[in-house]
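*Asks:* What follows is a single structure, and I will ask about it in a moment.
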């Protein structure tokens, strides 16, 4: 058997094996159903989320799962777009204006050391519970990753030969930026965008979990406190699947971008 | 004055100016926008002093958080280094484990916190476990990468000198993986810290995260800001300690090599 196939098979074996173990310990009664649902039933419940019926009625009294899902997704997209819209220009500014970059560098580097979520109660105090606070939290968590990788990406390109080529061709500064810096820095910037998007997801869903009245994060919290174990595990599964799908897709695109440049 | 020294002076001034600017904005917005219930910096400092000395409310919460953090982080360091070492040595295991490790990193782990509550209860144990769960992955990822990237020629040299496994580790593996492993340990600390605080904010009976949520419920803005300041100071201090150690080790290595 080829090596890559062997690796792939083992991966699936590990995944299915652990799911199987979880399934068995519940079905055999080693763990109570109030603490864990069999994995197969998690998928069934998740499927029922999207069908009208008893599960949906128990889910939330006043809103459908689709509403919660789109709410969360909208907040993620909004906070990410705003983080790019502000973060990218700021990153370019910090690269262009080296002194400012050096001044802010120690603060930017230690930003992710601080548990940023501790700011959430302050933000709720100012904006109230709701979409605005949650989006702001996602934005706050994502933006610095985008700033840092934009600035370092352009810095990295500057060290190479391409900008010199542009100069010797007497391109204007704007053209050098658009035709040389921008494409050459794309992979680095994309790494920042990838991190930013993941941080947006984490920021939004974690805020919803801690304090909110809507959304996927809230769904987990709500069903936990209502002892709706089945619904809780199904919503966790939904969040995990969403995060893994997005992350794998972004990692593929990233590998492709770096590979294209190496050629 | 040359342009270079002037630039360096400007940078240093700027670095000092940032916190001054933040304090200024804080002062202005707390006096101008009364509806925000934002206390002034001076008022916050008084509450902070009181919390650390006289009434000591901050101190007792801080103690619980630190115990949870220390235990969770210690567990993450031990398991992370061992797992990373094994995965770094064995290519097959690494290729199997890599997608799992990298994807768990991207999951909003806080939504899995109820599982920890089920397993460990509302007390400190669940936060220790949750801090461990957050902190262990960067340590695994960076240790694994560092072991994988040891230059083959160093290992060949070691073998041709007939070093025994212990010498091999001490003279070759340890020094060449040190920078990455240190970064992993630092990131692991940061994430373990986030994990513990998030866990306390979600469901807890003590700790700084718990105090945050309690004060949020009773509109105690001063207390909230005090806690944020304490958390930031701890995080930044520990990180600079790590940076200092990293820098020192690299300098020693450069001199020796």
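We did not get these values from a lab; they are worked out from the coordinates using the rules stated. Since this is a predicted model, take the numbers as computed values, not measurements. Positions of Cβ are backbone-derived with ideal geometry, glycine not excepted, and every protein chain shown enters the neighbour counts.
*Asks:* So how tilted is helix A:182-210 from the main axis of chain A? Cα-based, degrees 0 to 90, rounded to 10.
*Replies:* Tilt relative to chain A: about 30 degrees.
*Asks:* Measure of size requested: the Rg and Dmax of chain A, with Cα atoms as the atom set and Å as the unit; please supply both.
*Replies:* For chain A, the Cα-based Rg and Dmax read 22.8, 76 Å.
*Asks:* Moving on. Please order A:103, B:139, A:25 by the number of other Cβ within 10 Å, starting at the fewest.
*Replies:* A:25, A:103, B:139
*Asks:* Roughly how tilted is helix B:3-32, in degrees to the nearest 10 and between 0 and 90, from the longest Cα axis of chain B?
*Replies:* With both axes taken from Cα atoms, the answer is about 40 degrees.
*Asks:* Under 8 Å for C-alpha pairs, at least 6 residues apart: give me the relative contact order for chain A, rounded to a whole percent.
*Replies:* Relative contact order, chain A: 24 percent.
*Asks:* If you take the square roots of the eigenvalues of the alpha-carbon gyration tensor of the stretch A:152-263 and sort them as a ≥ b ≥ c, do you get rounded (a/c under 1.5), prolate (a/b over b/c) or oblate?
*Replies:* prolate
*Asks:* Based on other C-beta atoms within 10 Å, arrange B:204, A:223 from fewest to most.
*Replies:* Final ranking by Cβ density, sparse to dense: A:223, B:204.
*Asks:* Pairs of Cα atoms under 8 Å, at least six residues apart: use those to get the relative contact order of the stretch B:39-256, whole percent.
*Replies:* 29 percent
*Asks:* Given axes a ≥ b ≥ c from the Cα gyration tensor, I'd like to know whether the stretch A:1-157 is rounded (a/c under 1.5), prolate (a/b larger than b/c) or oblate.
*Replies:* Oblate.
*Asks:* Additional query: Remind me, relative contact order of the stretch A:157-263 in percent, using alpha carbon pairs under 8 angstrom and six or more residues apart?
*Replies:* Reported relative contact order: 21 percent.
*Asks:* Mind computing the radius of gyration and Dmax over the alpha-carbon atoms of the stretch A:171-224? Å is fine for both.
*Replies:* Just the Cα atoms of the stretch A:171-224 yield Rg and Dmax of 19.2, 61 Å.
*Asks:* Please say if chain B is rounded, prolate or oblate, where rounded means a/c under 1.5 for a ≥ b ≥ c the square roots of the C-alpha gyration tensor eigenvalues, and otherwise the choice is prolate for a/b larger than b/c and oblate otherwise?
*Replies:* The shape class here is oblate.
*Asks:* Per DSSP H run of n ≥ 4, the term is -39500 (n - 2.57); total these for the protein assembly as shown, divide by its residue number, and report the mean residue ellipticity at 222 nm rounded to 500 deg cm²/dmol.
*Replies:* That calculation yields -27500 deg cm²/dmol at 222 nm.
*Asks:* Along Cα→Cβ, 7 Å out, is where each label goes; now give me the distance between the ones at residue B:171 and residue B:12 in nm to one decimal.
*Replies:* Modelled inter-label distance: 4.4 nm.
*Asks:* If R₀ is 45 angstrom, what is the calculated FRET efficiency for the pair residue A:245 and residue B:42, using the beta carbon separation as r and rounding to 0.05?
*Replies:* 0.35
*Asks:* Here's something else I'd like to know. How far is helix A:216-225 tilted off the main Cα axis of chain A, in degrees rounded to 10, range 0 to 90?
*Replies:* Long axis of A:216-225 versus the principal axis of chain A: about 30 degrees.
*Asks:* Listing A:219, B:69 from the residue with the fewest other Cβ atoms within 10 Å to the one with the most, what is the order?
*Replies:* Sorted ascending by nearby Cβ count, the order is B:69, A:219.
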